[in-house]
Amino acid sequence: MASKKPPRWYFSLRSPYSWFAYRDLVERYPDVADAVEWAPFFEPDPRTEAALDAVGARLEVVPMSRAKYFYILQDVRRLAQARGWDVTWPVDRAPHWEVAHLAYLLAADAGRGREFIDHVYRARWERGLDISDRGTIGDIATTMGLDGPRLADACDDEDVRRRGVECLVACFKDGLFGVPFFVHGRDKYFGIDRLAPFVAAVRGGRPQDGARPLPEPAGVALLSAPQADTGPAGGCG
């Protein structure tokens, strides 16, 4: 008999909504943050996409409309202001999402995955840095006392790339179509405004103080369906 999968949440270091979910999870619901499995999603580069094709796990990703891009700019600003946070919008000149997300796998191996996520989100959303730049990731790793060059070049390591493909196959099997995405048993929850019911489910379905929806519904980044859009090349989704 197959073992039961733990509750899990899929995050993207690219997405502002994943950043909101990350902070809400660790700051408002730390018990749940400790109880769930953390799993990355990232838009694949051609090499990763070919590996996904080989196992029949192709994730369709298409550009975001201009109208939605400007909506998200407004929405993220509103959500940040509601929380009293400052946000700096990054510019992704040559996005290569394996750089940051595969480095995360090595940081997690060292027991520092959550700390790495925190540093990367701060770099991206508070300082406006390019997290596809290997120098940015190397500096973060070095600041943490990790092997900066190794994490910066994680996407050149074939074994780490294989593990990255496995992460995306798990996304595919769980039916992920956007981030942040939460799974508990057979139930799936999409977007930061679904974090509270996910928290209640992980806690056993009992009403809890603080396990209530945020006052502002969240826009989220979509992917997978041919008609969906995941994010502009120069921004985030």
| said: Taking R0 as 30 Å, what FRET efficiency do you get between D187 and V55 from their Cβ-Cβ distance, rounded to the nearest 0.05? | reply: 0.70
| message | 7 Å from Cα along Cα→Cβ at both V91 and D45: what's the point-to-point distance in nm? | response | 2.2 nm
| query | When the distances between all Cα atoms of segment 8-222 are binned every 10 Å from zero, what whole-number percent does each bin get? | reply | 8, 34, 38, 18, 1
| task | Whole number please: convex hull volume per residue, Cα atoms of segment 48-126, in Å³. | result | 135 Å³
| note | So, with points 7 Å from each Cα along the Cβ direction, the R78-R8 label distance in nm works out to 3.3 nm
| request: Report, in debye and to the nearest 20, how large the dipole of segment 8-222 comes out about its Cα centre when Lys and Arg carry +1 and Asp and Glu carry -1 on their Cβ. | output: 740 debye
| Within straight cross-link reach of K4, meaning Cα distance under 24 Å, which lysines are found once same-chain residues fewer than 8 apart are removed? | K173, K188
| Residues of type aspartates and glutamates that K5 reaches as a straight line, Cα spacing below 17 Å, ignoring anything fewer than 8 places off in the same chain | D34, E37, E166, D174, D187
| field | Against the rule of thumb 2.2 N^0.38 Å, how large the Cα Rg of segment 30-71 comes out | value | 1.72
| query | Given a cut-off of under 8 Å on Cα pairs at least six residues apart, what relative contact order in percent is computed for segment 8-222? | reply | 27 percent
| Inter-site label distance for T143 and F70 at 7 Å from Cα along Cβ, in nm | 3.4 nm
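Readers should treat all values here as calculations from the given coordinates under stated rules, not as data from a laboratory. Small disclaimer: the values here were computed from a predicted structure and weren't measured. Positions of Cβ are backbone-derived with ideal geometry, glycine not excepted, and every protein chain shown enters the neighbour counts.
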